[in-house]
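The values are calculated or read from the model by the stated rules, or taken from the named source; none is laboratory data. Worth saying up front: this structure is predicted, and the values here are computed from it rather than measured. Because the Cβ atoms are built from the backbone with ideal geometry, glycine has one as well, and the counts that use them run over all protein chains shown.
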Protein chains: 2
Amino acid sequence: MEIPYKIYLSESEMPRYWYNLRADMQKKPAPLLNPATHQPMTAAELSGVFCDELVRQELDNDTREYPIPEEILSFYRMYRPSPLVRAYCLEEKLKTPAKIYYKFEGNNTSGSHKLNSAVAQAYYAKQQGLKGVTTETGAGQWGTALSMACSYFGLDCKVYMVKVSYEQKPFRREVMKVYGASVTPSPSDTTAVGRKILQEHPGTGGSLGCAISEAVEVAVSNPGYRYVLGSVLNQVLLHQSVIGVEAKIAMDKYGIKPDIIIGCAGGGSNLGGLIAPFMGEKLRGEADYRIVAVEPASCPSLTRGVYAYDFCDTGMVCPLAKMYTLGSDFIPAPNHAGGLRYHGMSPVLSELYDQGMMEAVSVPQTAVFEAAEAFARVEGILPAPESSHAIKVAMDEAIRCRETGEAKTILFGLTGTGYFDLVAYEKFHNGQMDDYIPTDEELARYAAKLPKI
Amino acid sequence: MEIPYKIYLSESEMPRYWYNLRADMQKKPAPLLNPATHQPMTAAELSGVFCDELVRQELDNDTREYPIPEEILSFYRMYRPSPLVRAYCLEEKLKTPAKIYYKFEGNNTSGSHKLNSAVAQAYYAKQQGLKGVTTETGAGQWGTALSMACSYFGLDCKVYMVKVSYEQKPFRREVMKVYGASVTPSPSDTTAVGRKILQEHPGTGGSLGCAISEAVEVAVSNPGYRYVLGSVLNQVLLHQSVIGVEAKIAMDKYGIKPDIIIGCAGGGSNLGGLIAPFMGEKLRGEADYRIVAVEPASCPSLTRGVYAYDFCDTGMVCPLAKMYTLGSDFIPAPNHAGGLRYHGMSPVLSELYDQGMMEAVSVPQTAVFEAAEAFARVEGILPAPESSHAIKVAMDEAIRCRETGEAKTILFGLTGTGYFDLVAYEKFHNGQMDDYIPTDEELARYAAKLPKI
């Protein structure tokens, strides 16, 4: 069977279930803890924050497959299947014997894979009869995706956007408005936690952790609202498994077996989704793959963080999660251009990394933009800075193959497009980009403030 | 056979030829004339401006099918086939019995259908051993597309960008730089015609017609360079026929026959491409379709222009074309937000319109943005303002079906995405958009200046 340049599954081949990686983990990820009692959060406690079905998914470490509701499948058909593309032109440019494939998730207006979970979370909120949801957004991909999903299901959507992004990315803000969302720069005076942060840090540009605190406060204090999150959580990785399951169906169909699977990692939503079914095989001893998480050198939670319980937000109103973390008030240096700026990492991925089931590497941003531009010129797609972390390492691996002569098969996740990141590209062109990396002393200072559990 | 939500042709089903609509026209479009002698332009005369193979295509009114060279097919496979999508959600929102399909051309970094011709023109320039090409761009879609194509084939690319767009759309500029193009705001002091225009109109924001004059001057005065154009020309419509041929193959496969085919029309590249094979059937008497061109009320060349010979550019250095035109120095009012601002219309489409083979309608921009936002909220894609002209009229036709109870099949062209048009969306949200339409007196004043031929 001849392998097409781009593999699109037919509608009948598209997955009808999400795969819950936790079901195949012998040692499960550590549970979320109540910040007051340090006891595992119960479903009842979580249901004030998240809607009921999502709480069930969050706590369910056993069910292997979740059928995707028909309404969500309908929405998925608006922009899925995403193509699995053979990067022939990149291979040729690198003169590598490696075969490079990428799963491209940018073919939708949100511009990224975030929509896969946004539509699921909006659907369950609607099912529960809620009025709306609240969330935070940094670079803006998640907020855009959630706005689209809420518009589709007729839900109100309140987005707290990290203030520095709100100001630097007016177009992101405007897209969310096209979809009818309200967008508030964070920290704001609309919440108690926002006012407190503003008082302590006047003039602050905000952070993801701080925007999370505000969004959670608004959700729990407004009847008919719940909070939703675009990464880190188990439920999000569950929904994002659609990326990996589609990729695996497509590869199996043509008898392609990846040797190396590479994904960028901020909170872990894309990486966790892309690798899910492959990691499942690895956990069950059915196959082996090298799995590589790529993070920015300016926010290196896996490669330089601590595996410990920590707060998910700056205001410390959220449950504690056991994860690789840099400390809940760590904020990457202002020169850091893209997303991937969360202080922690998905508990599922943290546990797998701790078990030695995957590798992690960090890369400086100038090298990332060089890779992004090289990729754009031959493959045509303008990649998001986040996605370009994976491009960089995929190119490095392909170059290594050129040197060793090995024809390895590389699969990487191209999570989204860079249309809203041209200020960063402009900085790169003008030589205004630098590669500040936090010192050991800085990281130790943040780590010292981790809660003692 | 069940019809998928989105129809993607397989690689083996993708068209391997462009369809030359002129071959099926009994009365051919009028030839380009030499502005000095008023005689038809010869291949020799045109070859100083365009590369040789493109001159051949420009003048060839007889060959029905042009095989697409393998290198162009390879490039097409990077982003084609484009999906033919059934707009179920839009139908539901409009409560219409009509079946609405759209051919979506925005799934590539240039964000529009322009890439279909850009890659062809860059390929032939490379084949001829040229160093590079020059062009103009207004809204920026064509310049982006050409930059991508030139980057792929290793050609130099000099873009003259209408000054007002250069300043208002810095991101468009930056994307072109990602692909290695040089971008000059027009009018500029790099050309004689630019200096002349600057002297006569100091402080002007420029126009497409003026940027064309500069780009042509640079092409003819630099050895190894030729000029390329993204619309209007016969060759461009030939390349863009890939849109319509793909759409027709997909529709034929599932036994779908459109009653109405709708496309936005500026210079005519998208409309001419989309309708090509359908219009061919109509010309040969094999089928009948209503074919509707949609233009902005602020630049109404078909609906309010004159069918006459006119200059293609402001500097009057280009050949004369017989087309529906508003006059070569007509510039839409500054409030006009999107593209579709060229003073004339493709000679092929002009001739077909004159023969009564298609209809034309003009729409005001506020109504266009209302349609765009309604479409985005249910169909997920953020449409370009240009494309939204077709959306508006497709919605109007679908609403008419609701009223008459007819279950017509509507096909429209969704030419691109609006990621770089968020300043316009912001104006729309803030109520700063108005619908200025030129008066009859204004149009008569421009028409009076048409060359006497």
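From (1) buried (at least 24 other Cβ atoms within 10 Å of the Cβ); (2) on the phi > 0 side of the Ramachandran plot; (3) assigned by TED's automatic domain parsing to the domain that holds A:Tyr342, pick out the condition that doesn't hold for A:Gly285.
Among (1) buried (at least 24 other Cβ atoms within 10 Å of the Cβ); (2) on the phi > 0 side of the Ramachandran plot; (3) assigned by TED's automatic domain parsing to the domain that holds A:Tyr342, the lone unmet condition for A:Gly285 is (1).
Would a scan of region A:386-405 turn up a residue that is closer than 21 Å to B:Phe420 by Cα, within 14 Å of another protein chain (Cβ to nearest Cβ), of a type outside the set (Ser, Thr, Tyr) and under 16 Å from the mean Cα position of the chain (by Cα)?
no
Filter region B:290-320 down to residues that are among the charged types (D, E, K, R) and not in a strand (DSSP E or B), then give me how many there are. Even if it seems obvious, please write down each step before you answer.
Kept after step one, since they are among the charged types (D, E, K, R), are these residues of region B:290-320: B:290, B:295, B:304, B:310, B:313.
Now drop any that are not not in a strand (DSSP E or B), which leaves B:304, B:313.
Total meeting the criteria: 2.
Of everything in region A:279-333, what is at pLDDT 95 or above, charged (D, E, K, R) and over 20 Å from A:Ala360 (Cα atoms)? Give them in sequence order.
Selection gives A:Arg284, A:Glu286, A:Asp310.
Only one of A:Ala145, A:Ala120 is within 14 Å of chain B (Cβ to nearest Cβ), in contact (Cβ under 8 Å) with a residue 40 or more places away in the chain and either surrounded by fewer than 21 Cβ atoms within 10 Å (Cβ to Cβ) or assigned to a helix (DSSP H, G or I) (or both); which? It would help to see each step written out before you state the result.
Values: A:Ala120 fails: within 14 Å of chain B (Cβ to nearest Cβ).
Testing whether each residue is within 14 Å of chain B (Cβ to nearest Cβ), in contact (Cβ under 8 Å) with a residue 40 or more places away in the chain and either surrounded by fewer than 21 Cβ atoms within 10 Å (Cβ to Cβ) or assigned to a helix (DSSP H, G or I) (or both) leaves just A:Ala145.
When you go through B:Tyr66, B:Tyr102 one by one, which is the residue that is assigned to a strand (DSSP E or B) and surrounded by fewer than 23 Cβ atoms within 10 Å (Cβ to Cβ)?
Values: B:Tyr102 fails: surrounded by fewer than 23 Cβ atoms within 10 Å (Cβ to Cβ).
Within the list B:Tyr66, B:Tyr102, the selection yields B:Tyr66.
Return the only residue of A:Ala87, A:Ala125, A:Ala139 being more than 22 Å from A:Lys248 (Cα to Cα), buried (at least 18 other Cβ atoms within 10 Å of the Cβ) and either modelled with pLDDT of 95 or more or basic (Lys, Arg) (or both). Lay out the reasoning, then the answer.
Values: A:Ala87 fails: more than 22 Å from A:Lys248 (Cα to Cα); A:Ala139 fails: either modelled with pLDDT of 95 or more or basic (Lys, Arg) (or both).
Within the list A:Ala87, A:Ala125, A:Ala139, the selection yields A:Ala125.
For region B:346-359, check the following and say yes or no: at least one residue is β-branched (Val, Ile, Thr) and within 30 Å of A:Asn108 (Cβ to Cβ).
no
Please determine whether any residue of region B:413-425 is modelled with pLDDT of 95 or more, touching a strand residue (DSSP E or B) at 6+ places or on another chain (Cβ under 6 Å) and more than 14 Å from every other protein chain (Cβ to nearest Cβ).
Yes, some residue in region B:413-425 is modelled with pLDDT of 95 or more, touching a strand residue (DSSP E or B) at 6+ places or on another chain (Cβ under 6 Å) and more than 14 Å from every other protein chain (Cβ to nearest Cβ).
Looking at region A:160-213, which of its residues are assigned to a helix (DSSP H, G or I), of a type outside the set (A, V, I, L, M, F, W, C) and over 22 Å from A:His336 (Cβ atoms)?
At the first step, the residues of region A:160-213 found to be assigned to a helix (DSSP H, G or I) are A:163-168, A:170-178, A:192-200, A:208-213.
Filter once more, so that each one left must be of a type outside the set (A, V, I, L, M, F, W, C): A:163, A:165-168, A:170, A:172-174, A:177, A:194-196, A:199-200, A:209, A:213.
Within region A:160-213, A:Glu174, A:Lys177, A:Gly194, A:Arg195, A:Lys196, A:Gln199, A:Glu200 meet the criteria.
Among residues belonging to region A:159-177 that are surrounded by fewer than 24 Cβ atoms within 10 Å (Cβ to Cβ) and over 23 Å from A:Pro383 (Cα atoms), point out the one that is farthest from the other protein chains (Cβ to nearest Cβ).
In this case the residue turns out to be A:Lys163.
Among the numbered conditions (1) part of a strand (DSSP E or B); (2) free of Cβ contacts under 8 Å to residues at least 60 places away in the same chain, tell me where B:Met323 comes up short.
Exception for B:Met323: condition (2).
Return yes or no: is B:Gly194 more than 14 Å from chain A (Cβ to nearest Cβ), surrounded by 22 or more Cβ atoms within 10 Å (Cβ to Cβ), over 30 Å from A:Pro383 (Cβ atoms) and in contact with a strand residue (DSSP E or B) (Cβ under 8 Å, 6 or more places away or on another chain)? Lay out the reasoning, then the answer.
Values: more than 14 Å from chain A (Cβ to nearest Cβ): yes; surrounded by 22 or more Cβ atoms within 10 Å (Cβ to Cβ): yes; over 30 Å from A:Pro383 (Cβ atoms): yes; in contact with a strand residue (DSSP E or B) (Cβ under 8 Å, 6 or more places away or on another chain): yes.
Yes: the conditions hold for B:Gly194.
Can you tell me which residues in region B:350-377 are over 27 Å from B:Tyr309 (Cβ atoms) and surrounded by fewer than 18 Cβ atoms within 10 Å (Cβ to Cβ)?
B:Pro364, B:Thr366, B:Ala367, B:Glu370, B:Ala374
Which ones in region A:12-22 are surrounded by fewer than 18 Cβ atoms within 10 Å (Cβ to Cβ) and either facing chain B (nearest Cβ under 10 Å) or of a type in the set (A, V, I, L, M) (or both)? Show your work before the answer.
Just the residues of region A:12-22 that are surrounded by fewer than 18 Cβ atoms within 10 Å (Cβ to Cβ), to begin with: A:12-13, A:16-17.
Hit for region A:12-22 is A:Ser12, nothing else.
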